[in-house]
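Enquirer: The structure under discussion is supplied below as structure tokens; questions concerning it will follow.
The values are calculated or read from the model by the stated rules, or taken from the named source; none is laboratory data. Keep in mind that what you see is a predicted model, and the values were worked out from it rather than measured. Note that we place each Cβ from the backbone using ideal geometry, even for glycine, and neighbour counts take in every protein chain shown.
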Amino acid sequence: CENQDGRPLRQRLLVVANRLPVSAVRRGEDSWSLEISAGGLVSALLGVKEFEARWIGWAGVNVPDEIGQKALTRALAEKRCIPVFLDEEIVHQYYNGYCNNILWPVFHYLGLPQEDRLATTRSFQSQFAAYKKANQMFADVVNKHYEEGDVVWCHDYHLMFLPKCLKEYSSNMKVGWFLHTPFPSSEIHRTLPSRSELLRSVLAADLVGFHTYDYARHFVSACTRILGLEGTPEGVEDQGRLTRVAAFPIGIDSDRFIRALEVPQVQDHIKELEERFSGRKVMLGVDRLDMIKGIPQKILAFEKFLEENSHWRDKVVLLQIAVPTRTDVPEYQKLTSQVHEIVGRINGRFGTLTAVPIHHLDRSLDFPALCALYAVTDVALVTSLRDGMNLVSYEFVACQDSKKGVLILSEFAGAAQSLGAGAILVNPWNITEVADSIRQALTMSCEEREKRHRHNFAHVTTHTAQEWAETFVSELNDTVIEAQLRTRQ
Ligand code: ADQ
């Protein structure tokens, strides 16, 4: 549908994220094959019918030559994606350095990496310069494709500098920014040498969103305490200009999971798993292998449970599926070895010739296999030390309408605020408490499981990814209109 001047009737939404939702593989000098990755954000935006979404981001590959860049740009255009080309040095300094070595651990309360604290402090300036440069490169691409009336939605900690760069291009641009991680307490945020510049850049946006009210409150406190600005119930005010700050808890495309359970391939998987683990209760962990997910803590709690409940030893199995990430980073390599070591020790201690208590896989599962696993699980264990939301807990609930399994959920995951009433909430640092909650979950009555599941299932199927995206974008449109009315008064 188009207007007379050829412009689409639906409002255009430019979604800017560090990574495009594709994996690109070069097949020749000027040919690429692309695969769309069906992550939460993609399905969220596919479900939003009022907007026509375009994606802007890095394709995750280094393309130094012009022929390759032109060919990739053409291939991506068919998927409504627009690439930002980053060279290896920028990726190293901006993405590996500032984003993942500094912002990620600080926002998750882990502080700067212990071993190279001094080296990190020394390289801080150059990494922050690369961060700003990369953000400017994203802004240049957005500006090139921006048309008046478009909504620009910037995502995550990689792009905190982007709202400022965009508003410098055009103060009328409608800019929203959403953070997928926690925003830490202002006392943690203030340790960042670039604390003020980051806050001011984000405040250039019209609307700033977080998963929970706590993160939003921390952000407002950081602006009041560090920048000396005024916090209001609506957001943060600076010389009469209001940046609206609010919570927009993300969800999942729950129908996609519920429908998948009817697919014959998934049902076959379910039967295989039920036969394989017949006579044993299945406990499940699905995480990216990251320090924030608390995987060693989870496995140690399971060990404690087996230690204290010997009659359960041959009646329960823990399946831990951990997708490796950032495999070139020494801290992540160390985490992998640590997890392997603990799993080996526990299996040696409690295993028999025919069965082991923990099956640990260092890999990703495809969608049908993941849905089947969620469906046969009796108890899901999410023990994040900090987590913006944690969608695994939502996906588990969506797949449990026949089994009504129990969710043990860290109180430090954003999801604890939405699924807390149905889950057993735990402090993942307290291994005894987690071990006790495993026993509680495994012995819970059917009525209690039913009641808890009903609560969570209703939440997961009502507050979906589509609802999240629609709410954020319509709130952004309203915020801009209200601001225009205020300036006219
Ligand atoms: P993540 O840290 O990646 O996301 P999460 O929200 O749990 O964490 O999402 C992980 C996704 O990856 C899920 O869709 C899950 O199915 C998939 N996944 C994980 N392990 C897998 C495996 N072994 N095999 C297959 N798939 C696997 C960040 C923040 C979160 C926030 C989201 C969305 O850290 O806190 O919830 O963004 O905002």
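Enquirer: Considering only residues that are over 20 Å from Val141 (Cβ atoms), among the hydrophobic types (A, V, I, L, M, F, W, C) and in contact (Cβ under 8 Å) with a residue 60 or more places away in the chain, which ones fall in the range 170-209?
Expert: Within the range 170-209, Leu179, Phe183, Ile188, Leu192, Leu207 meet the criteria.
Enquirer: Give the residues of the range 265-289 that are acidic (Asp, Glu) and buried (at least 21 other Cβ atoms within 10 Å of the Cβ), sorted by residue number.
Expert: Asp287
Enquirer: Of all residues in the range 157-184 being surrounded by 15 or more Cβ atoms within 10 Å (Cβ to Cβ) and of a type in the set (D, E, K, R), which is farthest from Cys99 (Cα to Cα)?
Expert: Lys174
Enquirer: When you go through Val317, Val263 one by one, which is the residue that is more than 20 Å from Ser410 (Cβ to Cβ), in contact with a His (Cβ under 9 Å, 6 or more places away or on another chain) and more than 15 Å from the ligand (Cβ to nearest atom)?
Expert: After applying the criteria, what remains is Val317.
Enquirer: Would you kindly identify the helices (runs of 4 or more DSSP H) lying entirely within the range 386-489 that contain at least 1 residues that are in contact (Cβ under 8 Å) with a residue 12 or more places away in the chain, closer than 27 Å to Lys298 by Cα and out of contact with any Pro (no Cβ under 8 Å at 6 or more places or on another chain)?
Expert: Qualifying helices (runs of 4 or more DSSP H): 391-398, 415-419, 431-442, 446-462.
Enquirer: Report, by residue number, each residue of the range 352-379 that is under 22 Å from Thr336 (Cβ atoms) and either among the small types (Gly, Ala, Ser) or crowded, with 20+ Cβ neighbours inside 10 Å (or both).
Expert: Pro357, Ile358, His360, Ser364, Ala369, Leu370, Leu373 - these are the residues of the range 352-379 that are under 22 Å from Thr336 (Cβ atoms) and either among the small types (Gly, Ala, Ser) or crowded, with 20+ Cβ neighbours inside 10 Å (or both).
Enquirer: Could you check the range 43-53 and list, in sequence order, the residues that are at pLDDT below 75 and either in a helix (DSSP H, G or I) or not β-branched (Val, Ile, Thr) (or both)?
Expert: Answer for the range 43-53, where residues must be at pLDDT below 75 and either in a helix (DSSP H, G or I) or not β-branched (Val, Ile, Thr) (or both): Ser43, Ala44, Leu45, Leu46, Gly47, Lys49.
Enquirer: Output the residues belonging to the range 229-260 that are β-branched (Val, Ile, Thr) and either within 16 Å of the ligand (Cβ to nearest atom) or out of contact with any Ser or Thr (no Cβ under 6 Å at 6 or more places or on another chain) (or both).
Expert: Thr232, Thr243, Val245, Ile250, Ile252, Ile258
Enquirer: When you look at Thr383, is it surrounded by fewer than 24 Cβ atoms within 10 Å (Cβ to Cβ), farther than 20 Å from Lys271 by Cβ and away from the ligand (no atom under 11 Å from the Cβ), yes or no?
Expert: no
Enquirer: Have a look at Glu148, Glu187 and point out the one that is farther than 25 Å from Lys293 by Cβ, surrounded by fewer than 19 Cβ atoms within 10 Å (Cβ to Cβ), out of contact with any helix residue (DSSP H, G or I) (no Cβ under 7 Å at 6 or more places or on another chain) and among the charged types (D, E, K, R).
Expert: One residue alone meets the criteria, Glu148.
Enquirer: Right, next: Any idea which residue in the range 349-375 is nearest to the ligand (Cβ to nearest atom), counting only those that are closer than 15 Å to Pro264 by Cα and at pLDDT 95 or above?
Expert: Leu370
Enquirer: Can you pull out the residues in the range 386-421 that are buried (at least 24 other Cβ atoms within 10 Å of the Cβ), of a type in the set (A, V, I, L, M) and within 14 Å of the ligand (Cβ to nearest atom)?
Expert: Passing the criteria: Met389, Val392, Val397, Ala398, Leu407, Leu409, Ala413, Ala415, Leu419.
Enquirer: Return only the number of the condition from (1) buried (at least 20 other Cβ atoms within 10 Å of the Cβ); (2) without any contact (Cβ under 8 Å) to a residue 60 or more places away in the chain; (3) under 19 Å from the mean Cα position of the chain (by Cα) that Gly251 does not satisfy.
Expert: Unmet for Gly251, out of (1) buried (at least 20 other Cβ atoms within 10 Å of the Cβ); (2) without any contact (Cβ under 8 Å) to a residue 60 or more places away in the chain; (3) under 19 Å from the mean Cα position of the chain (by Cα): (2).
Enquirer: Right, another one. How about the range 266-296: which of its residues are closer than 21 Å to Ile408 by Cα, within 16 Å of the ligand (Cβ to nearest atom) and not hydrophobic (A, V, I, L, M, F, W, C)?
Expert: Gly285, Asp287, Arg288, Asp290, Lys293, Gly294
Enquirer: Of all residues in the range 162-210, which are basic (Lys, Arg) and part of a helix (DSSP H, G or I)?
Expert: Lys164, Lys167, Arg195, Arg200
Enquirer: Between a first residue in the range 321-338 that is in contact (Cβ under 8 Å) with a residue 24 or more places away in the chain and within 12 Å of the ligand (Cβ to nearest atom) and a second residue that is among the charged types (D, E, K, R) and not in a loop (DSSP other than H, G, I, E, B), which pairs have beta carbons less than 6 Å apart while being 6 or more apart in sequence or on different chains?
Expert: Ala322/Asp287; Val323/Arg288; Thr325/Arg288
Enquirer: Applying the selection to the range 148-186, what residues are of a type in the set (D, E, K, R) and either at pLDDT 95 or above or within 16 Å of the ligand (Cβ to nearest atom) (or both)?
Expert: Asp150, Asp156, Lys164, Lys167, Glu168, Lys174
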